[in-house]
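The structure appears below as structure tokens.
No lab work stands behind these numbers, since they all come straight from the coordinates. Bear in mind that the values here come from a model prediction, so they are computed numbers and not experimental data. FYI the Cβ positions are ideal-geometry reconstructions off the backbone, even for glycines, and counts take in every protein chain you see.
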Amino acid sequence: MAACLGSGSDATIGDCNIRHGATCPGNYMRGAQLAGADLWGANLDHADMSGTVLVGANLSGARLTWTKLTGADLTGANLSNADLRHATLTGAKLTGADLTGAVLVDARGLTPEQISSAHICMTVLFVEGQQIDRDCSAAPPVP
């Protein structure tokens, strides 16, 4: 399990300062407790975030290409406009997550069940070869 040292703007995991706009490509964050973290616009490409708790985290506009999110808890997370191309999402919890405008092209391990309670609108999303989108005027699902 990755250790998160400090709090607020001084929190770090390895050499990654946990804050908005962080640049942490390839960082090892497996199992980190990052509930409510403010990581909007962060570069987390190729990071291993398997089993990470990101409940209610703000990852809007974050770069998460090729990131391992296997078993991560993204319940209620803001992933709007995030780039999740080629990310691995096997077993990730997406209940109430906001995927508005997110790009999930070639995301791995994503199932219809995982996204059934996520908010998707203008999202580039293919699951099992089918493009999925919902009416943007519809209210987001309640977790």
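Lys and Arg at +1, Asp and Glu at -1: add these up for the other residues within a Cβ distance under 13 Å of Asp48 and post the number.
Taking every Cβ under 13 Å from that of Asp48, the sum is +1.
Per q in 0.12, 0.13, 0.14 1/Å, what log10 I(q)/I(0) does a Debye calculation on the alpha-carbon atoms of the stretch 69-130 return?
-0.21, -0.25, -0.29
So how far apart, in nm, are the two label points at Ser117 and Ala35 if each is 7 Å from Cα heading toward Cβ?
Output for this residue pair reads 1.6 nm.
Please work out whether the stretch 18-97 counts as rounded, prolate or oblate from its C-alpha gyration tensor, where a ≥ b ≥ c are the square roots of the eigenvalues and a/c under 1.5 means rounded, while otherwise a/b larger than b/c means prolate and anything else oblate?
Rounded, because the longest to shortest axis ratio a/c is under 1.5.
Measure off 7 Å from each Cα along the Cα-to-Cβ vector at Val105 and Thr90, then give the distance between these two points in nanometres to one decimal.
Modelled inter-label distance: 2.4 nm.
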